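The values are calculated or read from the model by the stated rules, or taken from the named source; none is laboratory data. None of the values given here were measured: they were computed from a predicted structure. No Cβ is skipped: glycine too gets one built from the backbone with ideal geometry, and neighbour counts run over all protein chains shown.
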Amino acid sequence: MTNKKKVTVKYIAEKAGVSYATASLSLSGKGRISESTRKKVLEVASNLGYIAEDRPASNIPLMAFIDTNSHMGGFYISLIEGVIERLKEDNYAVILDICGEFGPDKIMERKKILERLYQDCDGILILSHWGVTVDEILQFLDHKIPFVVLDGGISGFERNYVTVDHYQGAFDAVEYLIKAGHRNIAHISGPKSHEHAQLRFKAYIDALERYKLPLREDYTVEGDYHKRSATAAMEKLLEVKPVPSAVFVANDNMAIIAMQVAKDKGYRIPEDISFVGFDDIQAAELSEPPLTTVRQPLYDVGREGAEMLIGLMKSGNILTEPRVLKTRLVLRESVKERR
């Protein structure tokens, strides 16, 4: 006799020869599943003695196009927690699929992965380190599948995303340095093709312009958010005359390394060079000295994105206004006033 308590949706999916999502949707009576497939899944479940106690209302795919082998994987943990906790409140479960990082040269590959989903879900969340394009989400619009993109906009489509105000956060950081008396302010940027890096770089330029400070080409060095690029970028800045009195760095990961490079060359932080980062990762508070930085509310991004998707699924709509969340400047000990 089958032990009913041990029968899982995954086991039913294997026996029925369907995906986990298809089995879950068939058992819940939701989703765009053919009648023959639904009947097959229900028959297998019945034969196995499946008991659907406390079953989630539906399973929501969270497609994460991120690199878990670098610091960026851990960076998104709080965002994912926000998604899971908000969906759980409405009895939804998350199917997290970490697909790896897909850069601008792999948009078609990412699109093909997303194409597999629209038949098996009531809604979808998309998290991508690199920006999503309108071409990738047209399939969800065509099939009226609610979707939300997390932590970034959609190129050519001003709807259905939750992000943070990268421009204002960066502007606040540079303005803080200017008001602290700094005039020779450098910037280590993220990759120029990255949406968030572009916004932070523009804010750096605009802040200098507002306070009538010159933009020096030799004070701007491109990084790629990773440690090795920060080392090369900071070494280059230390060769410039005069050496910058402050550096705004596009993320904390690079800022912490840049500070270490400066210290290794004999510079005192913040007495000789001040630093401001972006993100407020855990290591920022533990660095020496503790790093002043811009905090991204990533947990709130995840929670707001899940809230947005739930609203779309309940209303029957597929479009909604984007949400842009505020950042916060976190003051620590890596900046010294220059008067």
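Return yes when residue 187 is under 19 Å from the mean Cα position of the chain (by Cα) and either charged (D, E, K, R) or closer than 30 Å to residue 235 by Cα (or both) and no when it is not. When the stated conditions are applied, residue 187 does not pass them. Applying the set (1) within 25 Å of residue 83 (Cβ to Cβ); (2) crowded, with 20+ Cβ neighbours inside 10 Å to residue 323 leaves exactly one unmet item: (2).
Taking the stretch 169-209 as the range and being touching a residue at least 24 places away in the same chain (Cβ under 8 Å), of a type in the set (D, E, K, R) and part of a helix (DSSP H, G or I) as the test, the residues that pass are 172, 175, 195, 200, 202, 206.
For the stretch 223-282, taking the residues that are outside any helix (DSSP H, G or I) and among the β-branched types (Val, Ile, Thr), the one that is modelled with the lowest pLDDT is identified as 281. If you go through the stretch 173-198 and pick out every residue that is touching a His at 6+ places or on another chain (Cβ under 9 Å) and either β-branched (Val, Ile, Thr) or crowded, with 22+ Cβ neighbours inside 10 Å (or both), you end up with 4. Residue under question is residue 99, and the condition is that it be more than 18 Å from residue 308 (Cβ to Cβ) and touching a strand residue (DSSP E or B) at 6+ places or on another chain (Cβ under 6 Å); does it hold? When the stated conditions are applied, residue 99 passes them. Filtering the stretch 178-198 to residues that are under 13 Å from residue 249 (Cβ atoms) and among the aliphatic types (A, V, I, L, M) leaves 185, 186, 188, 197.
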